[in-house]
Amino acid sequence: MDNKGIYVILGMHRSGTSAISRALKVFDIELGCNLMPAYQDVNDKGFWEDMDIYRLNEEMLSHIGQSWDCLSEISDNDIDLLIKSGYMDKAKQLLSMKLSETKNGKFGFKDPRVTKLFGFWSKVLNSLNCNVYYILVTRHPYSIAQSLKKREHMLREKSLHLWLEYMKTIFRYLQHDDIQRLVFANYEHLLEQPMDLIDKISNKFSIEVNEDELKLYTEEFLSKDLQHHEIKGNSDEKCIAKHIDDYFKLIVSGEKEFINLLSSSEKYKDFEYMYPLFEAEDRDIKDITQKINELESLNEEVKKSLISLEADKYTISSQFEATKDKLEVTVNQLEVTTDQLEVTTDQLEVTTDQLEVTTDQLEVTTDQLESTINQLDKTTIQLEAFRASRTYKVMTILSKLKRILTLQ
């Protein structure tokens with residue numbers, strides 16, 4: 001019979017938690033309907049991560065002045081502050097809502113920030129009235145460091161110690177009863193032998209496998225290209241601080257002995273037998289942390305300068321393009337005006353020629369008019385002379401007599 005409850009995936013960033021989260025669907029464990037979208041060249045096949053839980057974790061980290069990549073641990077005082085600020089109630093309400101929205105009463109989630117905040121989340125999960133199951137994802141820390149270098153440009157030393165801090169946090173806050181519901185999942189082994197993990201989860205948690213989902217997961221989702229960075233031989237391991245390498249081997253290679261050791265420890269929350277490893281880490285990390293902080297500060301200044309330069313570049317480029325466009329419009333208008341001016345000039349030349357012709361014609365006409373006037377003057381003089389002559393007077397008398405005779 002399937003166990004209802006909440007299934008929590010713990011692990012470091014870039015350790016394969018997304019692939020393990022996708023595996024939960026094989027057991028009909030629902031992941032919610034508000035998943036983080038896939039991101040090209042980072043997680044092409046999806047993060048399988050609930051956005052509401054992600055946002056809550058980001059908000060809580062910000063509230064206590066932390067971030068996912070901060071090397072310093074989250075203290076008990078930080079956890080108390082989160083609880084006093086009401087985040088425990090928010091987290092409980094969120095998980096209760098997610099669980100109530102499932103069809104079969106099984107809800108699973110992953111966000112590596114849960115591991116960073118596990119001191120807080122362990123209290124939340126233990127306060128819920130349901131079963132809680134854990135899957136701890138492991139991957140060689142050097143592979144994680146390579147992946148974080150590519151994605152975040154993070155220094156290798158910081159990545160390695162960040163991985164160790166995440167692992168320390170898990171085993172600091174795991175309860176004795178939690179260990180009985182804990183499965184270790186090695187990412188590299190998953191890609192080689194996926195059925196080993198599927199069988200382990202099914203047997204440990206007493207949950208059934210959905211054969212259709214299993215086929216999709218093993219034949220379509222899982223592929224060798226999910227392993228972007230892998231360790232080859234011992235050459236890479238020499239680059240890893242011994243205490244980190246020992247801790248990784250203790251988790252992976254001695255899994256059964258490790259769990260037995262945790263189970264038999266009276267102070268299972270303190271794990272004093274690991275303190276030498278942590279003390280070595282603390283000694284090594286002081287100088288590294290200072291250098292990392294200095295480099296990160298410098299990097300932030302460079303980023304701000306680059307952002308400012310990019311903004312200036314964008315502004316200048318925009319202004320240049322706008323000016324260029326205006327200049328092109330002005331040039332086009334000038335070309336049109338020039339063409340119009342040339343046409344007008346041609347028309348003016350034609351009109352000038354026509355005016356000259358008209359002027360010539362007017363001069364000819366004027367000459368002709370003057371000649372006609374002269375002739376008219378001569379004719380007028382001749383007419384006046386004729387009227388003053390005797391002949392005109394005789395002709396006038398005769399004309400009058402002719403009219404008289406005509407009347408009789």
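The values are calculated or read from the model by the stated rules, or taken from the named source; none is laboratory data. All values derive from a computational prediction rather than experimental measurement. Every residue, glycine as well, gets a Cβ built from its backbone with ideal geometry; the counts of neighbours run over all protein chains shown.
Here are some notes:
- Residue identified as at pLDDT below 50, of a type in the set (A, V, I, L, M, F, W, C) and surrounded by 10 or more Cβ atoms within 10 Å (Cβ to Cβ) among PHE258, PHE271, PHE248, PHE221: PHE271
- Scanning region 192-218 for residues that are touching a strand residue (DSSP E or B) at 6+ places or on another chain (Cβ under 8 Å) and surrounded by 18 or more Cβ atoms within 10 Å (Cβ to Cβ) yields LEU197, ILE201, PHE205, ILE207.
- Residue check for ILE292: among the hydrophobic types (A, V, I, L, M, F, W, C), touching a residue at least 12 places away in the same chain (Cβ under 8 Å) and part of a helix (DSSP H, G or I): yes
- Candidate set from region 295-332 (those that are more than 28 Å from the chain's Cα centre (by Cα) and acidic (Asp, Glu)); member that is nearest to ASP69 (Cα to Cα): ASP325
- Residues considered: LEU99, LEU95, LEU136. Of these, the only one that is surrounded by fewer than 19 Cβ atoms within 10 Å (Cβ to Cβ), in contact with a strand residue (DSSP E or B) (Cβ under 7 Å, 6 or more places away or on another chain) and within 22 Å of SER18 (Cα to Cα) is LEU99.
- Restricting region 159-191 to residues that are among the β-branched types (Val, Ile, Thr) and more than 16 Å from SER75 (Cα to Cα) leaves a set whose member that is surrounded by the most Cβ atoms within 10 Å (Cβ to Cβ) is VAL183.
- Options GLY32, GLY105; residue that is closer than 21 Å to ILE6 by Cα, surrounded by 17 or more Cβ atoms within 10 Å (Cβ to Cβ) and touching a strand residue (DSSP E or B) at 6+ places or on another chain (Cβ under 8 Å): GLY32
- Where a residue in region 295-314 is within 30 Å of GLU157 (Cβ to Cβ) and its partner, wherever it lies, is surrounded by fewer than 10 Cβ atoms within 10 Å (Cβ to Cβ) and among the small types (Gly, Ala, Ser), with Cβ under 6 Å and at least six apart: none
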